[in-house]
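The values are calculated or read from the model by the stated rules, or taken from the named source; none is laboratory data. The structure presented is a predicted model; accordingly, all values stated were derived computationally and were not measured. Note that each Cβ is placed from the backbone with ideal geometry, even for glycine, and that neighbours are counted across all protein chains shown.
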Amino acid sequence: MSLVLHVDGDRWRAHLRDVAAKRAGLVPVIKGNGYGFGLGRLARKAAWLGVDVVAVGTTAELGEVANRYDGDLLVLTPWRSFDLPDASIDPARLIHTVDRIEDLQALAGSGSPRVVLELMTSMKRHGFTPRGLREAAAYAAAHGVRVEGTALHLPLGPPEGNLAEAETLMTEVVAAGLATEGARVWVSHLTAAEATTLAQRFPELQVRQRIGTELWLGDRGALTVRAHVLDSHPVERGETFGYRGRKLTRSGTILIVSGGTAHGIGLEAPTGAGDLRSRASTAARGGMDAVGRAKSPFTVGGKARYFAEPPHMQASMVFLPTGVDVPEIGETVEVRVRFTATNVDAVEISG
Ligand SMILES: *Cc1c(COP(=O)(O)O)cnc(C)c1O
């Protein structure tokens with residue numbers, strides 16, 4: 001086996017339950033590479049948590065989620081006519097995010113759509129202006145579109161917090177007539193305390209909290225990625241090695257470990273070429289030192305080791321200096337990766 005995400009099952013499930021308890025109105029976000037776990041696995045876990053709605057990022061992700069979880073499906077990317085969901089998915093389960101009046105008009109002609117109207121935040125990614133929101137709310141009311149609430153996508157934890165911005169935006173939601181009894185507001189990136197305060201200020205509203213990272217990856221201690229040692233070769237200073245026939249500047253061991261560019265390993269890794277200045281700037285970006293070595297995410301003896309050369313497609317060559325204990329072929333080493341950017345070969349959940 002190759003690159004494996006090991007999950008302490010009891011600990012992970014306890015964390016999921018804990019977040020669900022702390023975050024009233026939780027909407028698990030299931031998108032991208034499934035935060036390292038895979039979309040289907042997270043869909044089953046959302047069903048296990050017993051939530052009534054989950055959020056996917058794009059329409060393309062609906063298929064993998066829809067048949068492993070049977071509640072409602074919110075699509076976070078705003079609806080566009082060129083990106084329609086597969087016809088096999090029951091439209092009654094779908095809640096579309098809408099951020100332009102022309103899209104609302106197009107949707108209104110397609111049965112009885114359920115929509116969330118997104119209001120622009122300081123993120124400046126998607127969303128109606130306050131005036132656009134009022135127009136959209138009026139249009140939806142007049143044309144039988146079921147408005148499932150308003151969406152606020154806030155930036156990631158600015159130092160001053162997101163509550164002030166959320167409250168300012170809520171005055172626009174009120175002005176658009178979207179804060180009626182039982183109406184929903186779908187928020188992203190509020191702390192638990194901020195969400196609680198918002199819910200207290202607007203007791204007539206249902207606050208729905210869209211959360212991915214904190215839910216799935218919030219207890220890092222329950223998660224480890226490990227790679228197999230596939231091979232190892234003692235090498236002398238001056239020997240050539242690798243795809244580019246480079247010469248070693250030190251003696252030690254070249255360790256071949258599973259995990260490469262196909263897994264998302266070290267994509268920022270430098271080529272080793274370039275003058276000192278470009279190396280220095282690459283160093284600043286990608287963690288390469290002044291002589292052109294790049295730190296790898298593979299740890300041996302408790303330390304992240306340097307790549308001997310940029311990662312290959314499914315394996316990497318890592319350099320261990322003389323004196324470091326060389327792990328045996330078949331042993332595993334820990335890999336410190338970004339879960340959202342890594343495609344593991346398998347997920348093993350204990351318990
Ligand atoms: C991805 C996304 C989220 C979830 O973000 P996390 O930081 O993983 O919790 C929430 N809302 C929107 C609109 C998103 O695109």
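To keep it simple, each residue is scored yes or no on (1) out of contact with any Lys or Arg (no Cβ under 6 Å at 6 or more places or on another chain); (2) outside any loop (DSSP other than H, G, I, E, B); (3) surrounded by fewer than 18 Cβ atoms within 10 Å (Cβ to Cβ).
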site: Leu16; (1), (2), (3): yes, yes, no
site: Val27; (1), (2), (3): no, yes, no
site: Arg44; (1), (2), (3): no, yes, yes
site: Ala47; (1), (2), (3): yes, yes, yes
site: Asp86; (1), (2), (3): yes, no, yes
site: Glu102; (1), (2), (3): yes, yes, yes
Find all pairs meeting these conditions: Cβ atoms under 9 angstrom apart; at least six residues apart or on different chains; first residue within region 210-232 and over 23 Å from Gly260 (Cβ atoms); second residue more than 16 Å from the ligand (Cβ to nearest atom) and part of a loop (DSSP other than H, G, I, E, B).
Asp219/Asp8; Gly221/Asp8; Ala222/Asp8
Residue in region 94-112 that is nearest to the ligand (Cβ to nearest atom), counting only those that are of a type in the set (D, E, K, R) and under 28 Å from the mean Cα position of the chain (by Cα):
Asp99
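Here is a yes/no grid of residues against (1) under 25 Å from Gly57 (Cα atoms); (2) of a type outside the set (Val, Ile, Thr); (3) loosely packed, with under 14 Cβ neighbours inside 10 Å; (4) touching a Lys or Arg at 6+ places or on another chain (Cβ under 7 Å):
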{"site": "Pro158", "(1), (2), (3), (4)": "yes, yes, yes, no"}
{"site": "Asn162", "(1), (2), (3), (4)": "yes, yes, no, no"}
{"site": "Trp186", "(1), (2), (3), (4)": "yes, yes, no, yes"}
{"site": "Arg201", "(1), (2), (3), (4)": "no, yes, yes, no"}
{"site": "Gln209", "(1), (2), (3), (4)": "yes, yes, no, yes"}
{"site": "Thr213", "(1), (2), (3), (4)": "yes, no, yes, no"}
Heads up, the strands (runs of 3 or more DSSP E) in region 168-239 (entirely inside) with at least 3 residues that are among the charged types (D, E, K, R) and farther than 30 Å from Gly36 by Cα are none
Residues being of a type in the set (A, V, I, L, M, F, W, C) and farther than 18 Å from Tyr243 by Cα - total across region 294-351:
16
Checked region 74-93 for anything free of Cβ contacts under 8 Å to residues at least 60 places away in the same chain and within 14 Å of the ligand (Cβ to nearest atom); matches are Val75, Thr77, Pro78, Trp79
If the requirement is being within 30 Å of Leu178 (Cβ to Cβ), within 16 Å of the ligand (Cβ to nearest atom) and at pLDDT 95 or above, which of these qualifies: Arg210, Arg201?
Arg210
